[in-house]
1. Which one of the conditions (1) crowded, with 18+ Cβ neighbours inside 10 Å; (2) modelled with pLDDT of 95 or more does S196 fail to meet, given that it meets all the rest?
2. May I ask you to say which residue of A31, A63, A112, A49 is more than 17 Å from A162 (Cα to Cα), surrounded by 13 or more Cβ atoms within 10 Å (Cβ to Cβ) and either modelled with pLDDT of 95 or more or outside the structural domain of Q161 (by TED's automatic domain parsing) (or both)?
3. Tally the residues that are more than 20 Å from E172 (Cα to Cα) and touching a Gly at 6+ places or on another chain (Cβ under 8 Å), restricting the search to the range 79-95.
4. Take the conditions aromatic (F, W, Y) and over 18 Å from G75 (Cβ atoms) and apply them to F207. Does it pass?
5. Output the residues belonging to the range 139-169 that are at pLDDT below 90 and crowded, with 17+ Cβ neighbours inside 10 Å.
6. Would you confirm, using the coordinates I've provided, whether S58 is exposed (fewer than 15 other Cβ atoms within 10 Å of the Cβ), touching a residue at least 40 places away in the same chain (Cβ under 8 Å) and touching a His at 6+ places or on another chain (Cβ under 9 Å)?
7. Report yes if G95 is assigned by TED's automatic domain parsing to the domain that holds S184 and touching a strand residue (DSSP E or B) at 6+ places or on another chain (Cβ under 8 Å), otherwise no.
8. Please state which of the following conditions F62 fails to meet, knowing it meets all the rest: (1) aromatic (F, W, Y); (2) touching a strand residue (DSSP E or B) at 6+ places or on another chain (Cβ under 7 Å); (3) within 19 Å of H99 (Cα to Cα).
Amino acid sequence: MRQPSKRTLWLSLSLLFLLGAQPLRAADLSASAYQDPPAFSWSGTYVGAHGGIGFTGSPNPFADRNGVAVGVQAGYNMQAGPGIVGAEVEGSYLGDTEHKVNGGKLKEKWRAAIKAKAGLTFDQTLVYGTAGYAMTSYKKGGVQNDVGFKGGYLVGAGVEQAFAGGLSAKLEYNYIMTPDVRTSTIAGSSEKDINSHVIKAGINMRF
């Protein structure tokens with residue numbers, strides 16, 4: 001019986017190899033074509049600016065003691081799964097949000113705050129809560145002593161929406177309680193807890 005030539009064997013092996021490689025190559029191309037895009041990440045550093053309204057007592061846009069709130073912020077987020085934790089510092093000009101005290105009044109002028117943040121992400125939407133420490137500077141009106149900066153506590157919540165190019169927009173509410181603010185007026189000396197509310201919108205640029 002005649003044995004196949006080496007050339008015939010070589011052609012047969014080559015044909016088998018090509019036939020087997022085609023399905024593998026098609027599978028690779030299919031997997032590559034339908035691979036999910038990378039998930040959006042909130043992790044990283046950001047800087048931004050904000051603007052809004054400060055309220056005395058409960059938020060009331062028609063109260064005559066309201067003031068503006070404009071400023072800047074910077075922070076860092078760290079994401080693990082859908083959860084996020086972070087920290088933020090901010091500084092704001094408060095535009096004379098007014099508080100009545102015994103025999104006079106105080107007006108908020110400046111505020112600096114350091115805040116912790118935690119929340120949940122829904123792809124490019126972030127819902128979060130925040131808490132921290134705030135220092136508020138007051139301008140006196142009928143108050144004899146210089147109050148200066150007083151420390152207090154801040155809590156709040158917000159929602160942030162990310163867009164292309166690292167830009168995001170947020171809406172945030174803050175409640176600030178500054179305890180035991182001592183004032184001296186013609187009516188005498190007194191201490192009062194000063195409560196403030198701020199609703200602000202802002203933009204951030206993430207890096």
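1. (2)
2. Step by step, each of A31, A63, A112, A49 is checked, and only A112 is more than 17 Å from A162 (Cα to Cα), surrounded by 13 or more Cβ atoms within 10 Å (Cβ to Cβ) and either modelled with pLDDT of 95 or more or outside the structural domain of Q161 (by TED's automatic domain parsing) (or both).
3. 0
4. Working: aromatic (F, W, Y): yes; over 18 Å from G75 (Cβ atoms): no.
No.
5. Residues satisfying the conditions are K140, V143, V147.
6. On the way: exposed (fewer than 15 other Cβ atoms within 10 Å of the Cβ): yes; touching a residue at least 40 places away in the same chain (Cβ under 8 Å): yes; touching a His at 6+ places or on another chain (Cβ under 9 Å): yes.
Here the answer is yes, as S58 does meet what is asked.
7. Answer is yes for this residue.
8. F62 satisfies all of (1) aromatic (F, W, Y); (2) touching a strand residue (DSSP E or B) at 6+ places or on another chain (Cβ under 7 Å); (3) within 19 Å of H99 (Cα to Cα) except (2).
The values are calculated or read from the model by the stated rules, or taken from the named source; none is laboratory data. Everything numeric here is computed off the predicted structure, so don't read it as measured data. Using ideal geometry, Cβ is built from the backbone for each residue, glycine included, and neighbour counts are taken over all protein chains shown.
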